[in-house]
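See below for the structure under consideration.
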Amino acid sequence: MRFVSTPLQGAFLIDLEKREDERGFFARLFCEKEFAQHGLDSNFVQANNSFSKDKGTLRGLHYQLPPMQETKLVRCIKGSFYDVILDMRPDSKTFGKSFGAELSEDNRRMMYVPKGFAHGFLTLTENSEVVYLVSQYYSKELERGIRWNDPAFTIAWPTKPLVISERDQTHPDYSKTGH
């Protein structure tokens, strides 16, 4: 695996190092030892699968408060989507900054999302599917959300979302809630 730093401290894009031959290729998706060498959390307790039938579907941005903050390892297995992370760590030099990248079934790229980040994605094709590992169990009481167009943050989406759940569309402005 190749770990590619992003502008946000502790967040990475991960590219596969394919071993190819006439049959196709083999690549490692996860290695606890390699994650540890990069100082990354690798204690995943849950695997989630999300399918979006329509192009332009936005999910997120979601995060959980302490002590239930999640590390995520996100990968597209069908279609493509624009994956966005937003640093919500108050003591971070990159607090309030976002980063996005296209993840697709073709590029097989993954996003490593550290604890304390909000995460969301916008589908770029119909029938997009994502699988992601998380380091913490879901907590309805500690889950929070950032609206995709919250004026407190500047997130560069590639296009305007067409499908958004009522819950994700109605998150209050961050400046009014402080979390």
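Extents of the chain, largest first, come to 56, 35, 27 Å (Cα atoms, principal axes, whole angstrom). Above 23 Å, the calculated P(r) of the stretch 97-179 contains 28 percent of its Cα-Cα pairs.
Just to make sure I understand: if all protein chains stay in place, what is the order of V131, V113 by accessible area at 1.4 Å, largest first? Display every interim value, and only then the final one.
Working: V131 50, V113 0 Å².
In descending accessible area the options line up as V131, V113.
Local charge for Q64 was computed over the other residues whose Cβ lies under 12 Å away, with Lys and Arg +1 and Asp and Glu -1, and equals +1. Each 10 Å bin from 0 upward holds the following percent of the Cα-Cα pairs of the stretch 1-100: 11, 39, 38, 11, 2.
Peptides 139-146, 123-130 ranked from most to least packed by the mean count of surrounding Cβ atoms within 10 Å: 123-130, 139-146.
Kirkwood hydrodynamic radius, the stretch 126-170, all distinct C-alpha pairs: what's the number in Å?
Numbers: mean 1/r = 0.0741 Å⁻¹.
Averaging 1/r across every pair of different Cα atoms and inverting gives 13.5 Å.
Provide the net charge surrounding R75, with neighbours chosen by a C-beta distance below 13 Å and charges set as Lys +1, Arg +1, Asp -1, Glu -1.
-1
Antiparallel versus total DSSP beta bridges in the chain: what percent is that, nearest 5?
Working: 48 of 50 bridges.
In the chain, approximately 95 percent of DSSP beta bridges are antiparallel ones.
My understanding is that a pair violates if its Cα-Cα distance is over 22 Å; which of K33/K72; K115/K160; K115/K140; K53/K140 do that in this structure?
Details: K33/K72 17 Å; K115/K160 27 Å; K115/K140 17 Å; K53/K140 25 Å.
Violating the 22 Å Cα-Cα cut-off are K115/K160; K53/K140.
The values are calculated or read from the model by the stated rules, or taken from the named source; none is laboratory data. Quick caveat: nothing in here was measured; it's all calculated off a predicted structure. Note that we place each Cβ from the backbone using ideal geometry, even for glycine, and neighbour counts take in every protein chain shown. These accessible areas exclude ligands, DNA and RNA; they are computed on the full protein's heavy atoms, side chains included. Shrake-Rupley method; radii C 1.70, N 1.55, O 1.52, S 1.80 Å.
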